[in-house]
Structures are given as structure tokens and as C-alpha cells.
Amino acid sequence: MWKNLILSVVLGFPLTFQAMEENLADPQWFTNPLSWCSGVNQWITGTSKDISIHNGILRILSGKNGNWAAQNLSLEFSVATAFNISFYCKTATKASFTWNFAHQEKRLSSSGAKQLPATGDWQLVTYRIPALAEAMSLRLSFQVYGNNAPLEIRDLKIITVDPPDEGRNPFRIDGKTCEAIIYSRGADAEAFYDRKCARILQAMIYQAHGNLIPIRATSVPVKLNSAIYIGKSAEVNGLITRSDISKLNDGGCFFRVRNGNAGIVGKRPGGVPFGALEFLRQCGIFYLTQSKLIYPDKLAIDSMEKLVNPAVALRNNVEVPFMERLGYTDMNEFANGRKLGVYREGVHSIPKLVPYDEFHGEHPEYFALDKEGKRLLRLPGQRFDVHYCVSNEEVARIAAARLVEFFKSEPNAGVFCIYAGDGGGKECCCPNCLKLGSPSTRNILWMNAISTLFSKEFPDKKLITLAYATTSPPAKAVPHHNLYVAYCPYDTSWLNHFIAHCKENEAGWQEMKGWETLAPENMAAFSYPVFYRERLNTWTVFPQNYELCRYFAEKNYRAVMFCGYRATYGAGGYPASHSFADMGIYLLNRVMIDPRIDISREIDVFMKLYYGPAAPQMRQYFNRMNQEAAYRKWDQNCERILRGFITKELADQTLAIFSEAEKQVKGNPEYLERVEREKLYLLWQSLTDNCRGNGKIGPTEFSQYAERIGEFCRVAARYKIAYMQVNPRQWFWETAVIKLGNTIPWFNDPLIHAIIQNPQKALGESIPNAQQKMAYGWLIQAQGAVGGENAQSTWKRKKTKHVKILRRPSSGLGQVQLSVRLAQALTDKAILAVEGIDNEKTDPAFMRLIINGKTIHDGPVPWGKNVWTEEKFEIPPGLLVKGDNTITILNTTADKEKDGVGGINYQAKRNYYWGWFMISDTKIYLHP
Ligand SMILES: [Zn+2]
């Protein structure tokens, strides 16, 4: 404040500045839930039904085992050196307040707890929490213990304590030192986004150079030597004209630097905060990843002006935090679906607006009628997706009225996704619905009905629905002007996520273009840039993602949402979504802003900043992998597990490139970590595609194989990467045929330590051994076999049992191996008995049974199609030897499909729902 006083004396006019003392506690945390919502969804809770909010008071009931309510505060754009926290609490029992700071990529050790006074009366509590400069979020939590005891909280204030201005490296605007960041005071959304813009500018400049430029809110013209003016204040102060503003498209920004001042304006959605990022980018300050800030030695910007109209106005990476730093659209533009019980942009929201439990008793007619004429019914223990009778006008009316109530509570939001429950083929089949047209027509007519009612209240806000499950464009409906349609390039018409333009995606392109012809102004996309089954797969799809994003941008799609493209999280323990994730997340956004960028050049620029001296090698690796996918026309869908991409040759070549890369960055831990984390995907996939478990590693390759497992374990342990998505114990068993203990995280298992020490010795000594001694001989259960597809199955039986499904060999899931260790050779004949069942289709599956290299059976499977039976195979005398014996069962059923002859989805082209068989227990009768 003294600084303002001095300024006012020097300048000789009264200051109307207001110091920014923003309460970071969102008022929404204490507002009553929406009228139809029973739980308090805006808090992260232990037991939400024991939490309530009334008249601004949060009440937490302990239940029997204690209870808690928490908030995660994003510190994405924060300069805080401490937080002054205050609240009133009321409790008569043991209760506490705790906090901890978190970072996506590393462990931070800063947390604390305070007991709350148990006086039974309202008490004011104040704390100062010292902040960690590098923290990305702060979790605040209230706990209460005791038996059904309440804790009440109100008037929570979280006030940032600014750091002292270290005064180094002043920020020079057109030759003058910037004195303040100014925005127009107000309580509306415009002021909210202007303030956000100010915070972005302040935080990134401070994080780069340690100089704190004060933020001031004012409503009248000010006169400073040099300042950055935002939004209305830029207009008031003559830096931005109406004509400048008229050039802005949706989501766009404009800035001008002149006479020592800068002005920034933008258009929603998110244009003003985006303007801060683009202005700073012009100064050389930008985030390369969620946590890595790039900045120049000197902070300065000369006289200039720039208009940035992003080709795609709304760019969102669904459920992935800290994306605003990279220039994805401000999250506040999306109405906070958490209040409804869906996450911020959760797409299946209608079931939260018109809940089944609330209405199905009195109004069963609101819900879908199936083909047999039965109304939607919840069956215990089964997945339940809510679908509606879309011709019922009441449903649309309720949904729209509730959307209006919801949006009234979300004044800063401009958009929300609406769609019925998940799952295809569940549309209402009542006569009124059927006569409206195709499922796609019906969905658009229904969404239009909701949009029409909603738009009466909010003519400027947008709703987004999906072209999902029923992706074909409607023949008899055109979307409402406030309804965007997000096309989903996904099964059933988009089958190949490696190559954008290919036969497998032809139907998808046709549908997407059909929608564009129908409604060019309403187009959006819900895109799938990652593999949802194997996080550690390399998933070499950058070219396909680039092509799609460039296409969306060239066609000026209104919105593009990525289905969860993840950067590293969980303090580094959860790996990012596949190879080159940081680069993909960064560059795809730049492509959606401007599809004309020279992508090859941008990749080089990114890699230089990200990998330093290892950039040339990493580029070579990137190119080699993309070349492999293109050359082999790799055809894989984002939900389909397929083995064999990493051939032995590819693994040898690419791992050699990594050896070179590591040499380049040996002395730099930051670059080395990035290179090694990248290598982990390649190792994982290579060790899954070529492993002891699938019989692809011969005796001469074993030492190299063991070394690679050792390297995989070493890198994962070094960076504490615990999450593999697949179960680590299962993975090590299936691939390396070793049994880990139950140690969590897996890399702390003693066997892993032994492998890191001496992989060949540790792996050589571990014998696959799952045999159990029985009176008749030996039993090996399905979970003791290696390979095939694991399932807990009730197929044709009453009780669930662990089984192995062997699909046709092209699936990569057609082989199972069992090992039996014998103390001595068997001179008598023995019997191998395998419990199994053939698939339900007319034709039998074929199999080959091999024991120690000798084929025992080759032909149709011996089992029937309706019941599980144990079928016996004679083992000739002398075939089972002392020591390890290998039994291999292979599915040998030939594919019938021809490449490119597609049905409705990838299973139709390579439909693995025929030609399979299952096995469970395998027995060896020693003295039959
Ligand atoms: Zn109906």
C-alpha cells in the first residue's frame, strides 16, 4: 500500500486502485446444492451423504468412522509465498484441518495439520500456511471424528500472501519499466476473466524473473508511466479501439504495445486469459509442459500489435489439469458438472439432470422402451446406463429447466456437454420416437428441444452434444444454432487410430463430412488421442493426431475435446499417455490455434527445449517409429489390444538410438530423466511383444532379454513409476514368467531388486512353476498358465472361474504355455486332461497341443459347445522328462476376413468373437 501512496504523491492525483485481495475460496463451495441434487457434490468427501450445506454453512457428520471434506486448490497461476487462511468452525468433538501441497511430477514434502477447538461454539480460526514455490496444487481438508458428531465450517477465506518484489530484471514495455497490471473492477464474468488474465501475467513474469508487478483493479482512467491494461481498461485508456475488438473471433485475443503501455483484449470463450499467454509468448515466456516454464534472459517487448484468432475456439483436454498453462481454453468456460455429480465436462450429463431414481416410479414413460416393449429397468449388479423416451416433451422440459438453474449458479461458464447415458443401441423404441426418424435424427431433435428452451434464458451460451454410438448424420434434423455436435472418431466407424486416412476410417470420414455439410457452424469433435488399455504402450500415433487436429482447425471446428490425454501425474508415479505425450499435448494445441504451422520445424524446436543435446537422437527415434507404423500400415484402434508392433529388429534399432541419446545428456539430470522416461514405453512394449511368456525369446536371446527387463525395472524404480495400468504382478508373470510378491509399489519387491542387481541371474533362477501336487498327479489352474486372454468368466457355468480365452492366432492371444517340473522322467504313459469349451458358433475352433516340442493333437478342439468338459490326451512314455517340461496349447483357427472388407466395427473386420475356445484346469494323471 505504501507504494501506492508514494505513487499518488508523485503523480499528484488520487488513486482509485484497489489492492487485489481475492478470496481463493470459491463461493460455490458454500452455496446450497442445486434444488434436485441430494448430495453435496462440490466437495471431495469421505461419505457425501453425511455432508450438507445450508445458509453458507458446511456441515460434516462423522458417522461411525469419521468423515472429511476437501478441496483441491489449483496453484496454476499463483505467486503465493503463503496463504492466510481463516474460517469459523463449530464442533464439540475431535476435529482437524489439514493441508498439503502437491506437484504432478515430483514428491513435495509439505503438509500440516491443526486441531480445531472443540468448544461447541463458533470459533474464529486463522492460520498462515507457508507456500512452496513449485507446488502446483494445495489440498485443504476438514476432518471430524467421533460418533455421528458434527463439524460446521463457514466464512472460509484463503488469501494469497504476495512475495516481496525482488526487483531484479524489470519488465520493459516499449523501453519503460512496467509498474502495474490494470483491469476493470466488477462482479461479472468479464471482470472474472480479466482478473484471471492479470493473474496469469503476474504469475508467469514472477516465476520467470522474480519481479512482482502489482495487480490493480480500477474503474476510471489511470496514468502510469508503463502498465499492462486488460479488457475494458485497455479501451478506457485508449490502447485498444472498437475496431480492434471487432476483428476478434470466438476465443481470439488482440494485444498492442505502444508508448510504454500494453493493452490486451479477448473474446470468449477464454480469449482474455489466452491473450495473457499469447502476449507473454511474444516476450519469450511460455510453458513447454505442464510444469516447465521457458523464458528469456531479458524481459522486454517493443512496440507492436498482434491478433490471434485460434482456428478452434474451444480446446479442451478432458479431466487433465494444468492445461491452461499450455493455452487450452480456460476451464471456467465449462459449467462445473461436479455440482451435478459429473466431472466438469463429463459428457453423459442428462441422467444427472433427469435422474432415474427420482422419476422412474411416477413417470416410467420418461425412460426408453426397448425393442421387446419393456421400459428401462435397473438390474442389480449390472451396469446401468440411463436412456430416455426422447419424444416425451416433459423430459426435455425438465432437463432444460434444470440446465437453466445450473447455469444461473455458474455465471462465468459459457458451455456444457449434454448427452444421455453411455452405450449404443439403447434408444427408445416407442412408436412416437420411431416415427421421428433414425436414432441420430431423434437425438438431435431431442437436444434441439432442450436447446430451444435453454436458449430463451441464455441466448449466448452453448450446449455440446455428441455424435457418439449413433454417429451418422441425421436425415431429418439440423442442430439448433446454440447446439454444437461433437463428432466422435471412435468405434464403430473409426477403427484405425494409427493412420488417419485409410480404408478402416472411410466410413468415419464420410460421416464426419456429412455432419459438416449439414451443420458447418455447429461442428465439434470429441477426439481419442491415446490408447485406453495400455498406458505404457508407445502408441505411435502423432501423425494421425496431427492430421486430425489440423483437419478440425482447417474446418474451424467450434470445439475439440481430447478424451484424457495425460501428462505425468501423481507426483511422477503415473506415466504420461505414451511416447512423446508432452510434445503431443503441447503441439496439437498449437495446431488447433493455427493449422498452418510448420509442424516438422515445431517438433525440432520442442525437442531442442525438451531433450537438450539429445534432441537429434530423439527426433531420429520419433521418425523411426512413425516410419514403422506407416510402412506396416499398422491398424489398431484405441480400445483394441494388439501385439507385435515392436519387432525384434525395431527394438534393436531404436534401443541403440536411446544409447546414443543417453550419452548426450549424461551430465544433465533434467534431460536424462526425460530421455529415460521416454525409453520406458519402448522397453515395456518391446518386452510385452517379445518375451519369455509368449515363447518369442530363444535361448540365444535370453541374456539380452534379461538385460532389458533389468533396465525397465531400473528406470521405473529410479523415477518411482508405480502405475502400469495393467497389474504389474500379472504383467511380470505373463511376460517374464516370474512371480512377484505383494510389495507395493512393485519395484520395491525383493525380486525386482535382484533383477536390477543381476538380471540374468535373477531371471535364470526363476522357474515358471504353478503346479500343485494332487493325489492323481499334478494340477495347473488357468491363472498358472502363461499367455492367452485372462478372464473371470461365468460362460456356461454357475460360478465365476478364472479361465484363459484363446482367440485366433492373429489376435496375439492364441497361445498358452504351462510348465511342469518333475523330479524324475516318466517312463510310463500319462494322461493330460484339459477342461475346456468351444465357442458357441457353428464351426469348431482348431488347436494344436505340443508337449516338449512334440505335437500331441492338431485339429478341431475336443470340447463341445454347451458344457465344460475335461478332455484327455495321451502322453507317450518318456516324453515327460526330469526337470522342466513345456506344454503349449495354440489356437490354430485361420482368419476368414480379408483386410479392408469392413463391417460395422473392428471386430467385424477381425472379429475375434468367433473361432475362440476357453480352458480352465489342466491335470496330469501320472498313473492312469
Ligand atoms: Zn419414446
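The table that follows gives values for the structure above.
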| quantity | calculated |
| --- | --- |
| Subset of region 252-267 (residues that are outside any strand (DSSP E or B) and touching a Lys or Arg at 6+ places or on another chain (Cβ under 6 Å)) | GLY252, GLY260 |
| All positions within region 35-72 that are part of a helix (DSSP H, G or I) and more than 19 Å from PRO355 (Cβ to Cβ) | ASP50 |
| Set VAL541, VAL560: member being buried (at least 22 other Cβ atoms within 10 Å of the Cβ), closer than 29 Å to MET447 by Cα and under 17 Å from the mean Cα position of the chain (by Cα) | VAL560 |
| Residues within region 350-382 that are assigned to a helix (DSSP H, G or I), open to solvent by 90 Å² or more (accessible area, probe 1.4 Å) and either closer than 21 Å to CYS417 by Cα or within 16 Å of the ligand (Cβ to nearest atom) (or both), tallied | 0 |
| Residues of region 190-207 satisfying the condition of being open to solvent by 10 Å² or more (accessible area, probe 1.4 Å) and either within 25 Å of MET136 (Cα to Cα) or of a type in the set (Lys, Arg) (or both) | PHE192, ARG195, LYS196, ARG199, GLN202, TYR206, GLN207 |
| Residues satisfying the stated conditions in region 432-448, i.e. of a type in the set (A, V, I, L, M) and part of a helix (DSSP H, G or I) | LEU434, ILE444, LEU445, MET447 |
| Qualifying residue in region 611-621 (condition: within 18 Å of TRP539 (Cβ to Cβ) and surrounded by 21 or more Cβ atoms within 10 Å (Cβ to Cβ)) | yes |
| Strands (runs of 3 or more DSSP E) completely within region 101-184 that count 3 or more residues being crowded, with 17+ Cβ neighbours inside 10 Å and not hydroxyl-bearing (Ser, Thr, Tyr) | 137-144, 150-161, 180-184 |
| GLU511 open to solvent by 20 Å² or more (accessible area, probe 1.4 Å), touching a strand residue (DSSP E or B) at 6+ places or on another chain (Cβ under 8 Å) and either part of a helix (DSSP H, G or I) or modelled with pLDDT of 95 or more (or both) | yes |
| Residue within region 803-812 that is modelled with pLDDT under 90, open to solvent by less than 30 Å² (accessible area, probe 1.4 Å), hydroxyl-bearing (Ser, Thr, Tyr) and in the same structural domain as ASN885 (by TED's automatic domain parsing) present | yes |
| Residue list for region 852-868, restricted to those being open to solvent by less than 40 Å² (accessible area, probe 1.4 Å) and over 19 Å from GLN817 (Cβ atoms) | GLY859, TRP863, GLY864, TRP868 |
| Cβ pairs under 9 Å, 6+ apart, first in region 518-532 and within 20 Å of ILE444 (Cβ to Cβ), second among the acidic types (Asp, Glu) and open to solvent by less than 10 Å² (accessible area, probe 1.4 Å) | none |
| Residues of region 815-851 satisfying the condition of being assigned to a loop (DSSP other than H, G, I, E, B) and open to solvent by 40 Å² or more (accessible area, probe 1.4 Å) | ALA823, GLN824, ALA825, THR827, ASP828, LYS829, GLU840, LYS841, THR842, ASP843, PRO844 |
| Which listed residue is open to solvent by 20 Å² or more (accessible area, probe 1.4 Å) and either in contact with a helix residue (DSSP H, G or I) (Cβ under 7 Å, 6 or more places away or on another chain) or over 25 Å from ASP26 (Cβ atoms) (or both), from ALA311, ALA262, ALA335, ALA300 | ALA300 |
| Odd one out for PRO411, checked against (1) within 12 Å of the ligand (Cβ to nearest atom); (2) surrounded by fewer than 18 Cβ atoms within 10 Å (Cβ to Cβ); (3) of a type outside the set (Phe, Trp, Tyr) | (1) |
| Hits in region 414-431 (condition: assigned to a loop (DSSP other than H, G, I, E, B) and more than 16 Å from the ligand (Cβ to nearest atom)) | GLY414, ILE418, TYR419, ASP422, GLY423, GLY424 |
| Some residue of region 768-783 being at pLDDT below 85, under 32 Å from the mean Cα position of the chain (by Cα) and open to solvent by 10 Å² or more (accessible area, probe 1.4 Å) | yes |
| Residues of region 383-395 classified as more than 12 Å from the ligand (Cβ to nearest atom) and crowded, with 21+ Cβ neighbours inside 10 Å, total | 1 |
| Boolean, SER686 is open to solvent by 20 Å² or more (accessible area, probe 1.4 Å), farther than 19 Å from PRO745 by Cβ, among the small types (Gly, Ala, Ser) and touching a residue at least 24 places away in the same chain (Cβ under 8 Å) | no |
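Each row is one residue, and each column tells you yes or no for (1) farther than 18 Å from ASN496 by Cα; (2) under 25 Å from the mean Cα position of the chain (by Cα); (3) assigned to a helix (DSSP H, G or I); (4) at pLDDT below 95.
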| position | (1), (2), (3), (4) |
| --- | --- |
| TYR565 | no, yes, no, no |
| LEU609 | yes, yes, yes, no |
| ARG619 | yes, no, yes, no |
| ASN623 | yes, no, yes, no |
| ALA651 | yes, no, yes, no |
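For every residue, the table says whether it meets (1) assigned by TED's automatic domain parsing to the domain that holds GLY373; (2) within 16 Å of the ligand (Cβ to nearest atom); (3) within 25 Å of LYS374 (Cβ to Cβ).
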position	(1), (2), (3)
CYS433	yes, yes, yes
ILE444	yes, yes, no
LYS461	yes, no, no
ILE464	yes, no, no
SER472	yes, no, no
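The values are calculated or read from the model by the stated rules, or taken from the named source; none is laboratory data. Model, not experiment: these values are computed from the prediction. Virtual Cβ from ideal backbone geometry, glycine too; neighbours counted across all protein chains shown. Areas reflect the complete protein model, heavy atoms only, side chains present, ligands, DNA and RNA absent. Shrake-Rupley method; radii C 1.70, N 1.55, O 1.52, S 1.80 Å.
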